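Contents: one structure, followed by commentary.
What follows draws every value from the coordinates through simple rules; no lab data is involved. Computed from a prediction, not measured in an experiment: that's the story for all the values here. Positions of Cβ are generated from backbone atoms using ideal geometry, with glycine treated the same way; all protein chains shown enter the neighbour counts.
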Amino acid sequence: FFLMIRRPPRSTPKPSSAASDVYKRQTYSPSDSPEKVKNQIERSKKTTSFEHGIRITGLSVKDSKNNVVVSLKKQFDKSCKIEDVTEYIRTFLKCNEKKEVNMEAVNFYIAQLNELLAFCEKVNTRTFISSSLFFVLSNTDNKFLLKWIDFAHVFPNKEGEKDMGFIKGVKTLLKIFTQIQSEKKPKGKSKGEGKGAENLVGGHADSFRFLPDGTLLKYGKKGEMQFFEDFNKPESAFYQEMMVLKPFIPEYFGIIELDGKKWIKMKNMTHGLKFAAIMDIKMGDKSYSPDDPPEKVQNQIERAKATTSFEYGFRLTGMSVKDEKGGDAFKLHKQFVGITIDNIKDCL
């Protein structure tokens, strides 16, 4: 019998790939013979699996002409240290003769690994032995994906148990990718950049990261994280009360950790739209909270009086209109002062 599964897109030119087995020290199933169990334990101890929960089982890196420049197959021997794994991943991220690591891909992989970690720690009830994470990257057209594969040995956990081996491996990969991410930031680019960042007009660039899967990460402030958590719990009274707002709220995909911070993952509303015009309007006549200090309250009141917020209950905080070639025909960013109700009419 054969399983038919979809391969990576054929439209992706010169893709490089890396397979990383993620599992605990145990690489054998409960029904294996004592001899096989012993052999697997010894094999694991000779690789990075035993200590770090991962090992690279294959790697193929191509240059800009589609020639294979690095190829590893079944690198189980003890000469492959965790430092070597880090270097192989760094090489993978610079495939197609890219001079620097693809940081957009790094951010994507970190976000995906965080989702896997959250699943394993909070939801998963099974142990996955010798499963793999399959990474694909093409720097030629900046496409990348990560898939979880190899499910021949999946067993239910006892009540209360977690697949600590897989968790250990994912944490190791997160540590490696985070280390690479911290080594060098792209020159002249803010964290908010990425495909979709050109549509950022009302927020702070460092508070957003745009992912190629049609989602974005927004830096998570405590109150907003709590709102999204409660809004997506059908059993909560808040959910029942606010259900009418469902069509107005961006689709929510949970809270993830990245760079030591918490981020809200949600749908990017401009993904897939060509040259979209966008407008960000801040609602209400005040922008302070009941627990803010008096000094901040006074500053916010003065700020509101200097804009249309105080009198009309809203202000235009950002706007972008593209021409037929995708250039900025008109753009406003954080225009709090100098815009009157007549200016806003012209903008509309």
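Here are the numbers for the structure shown:
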read-out: Loop sites in region 93-146: GluC sites (Glu not before Pro), DSSP, at most 12 other Cβ within 10 Å; value: GLU100
read-out: Whether region 245-328 is rounded, prolate or oblate, judged on the alpha carbon gyration tensor where a/c under 1.5 counts as rounded; value: oblate
read-out: Convex hull projection area averaged over all views, region 270-318, Cα basis, nm²; value: 4.6 nm²
read-out: Alpha carbon centroid spacing (whole Å) that separates region 217-245 from region 115-189; value: 27 Å
read-out: Inter-site label distance for SER33 and LYS81 at 7 Å from Cα along Cβ, in nm; value: 3.7 nm
read-out: Label zone at GLU161, where the point sits 7 Å out along the Cα-to-Cβ direction: region 105-136 residues whose backbone N lies under 14 Å; value: 125-129
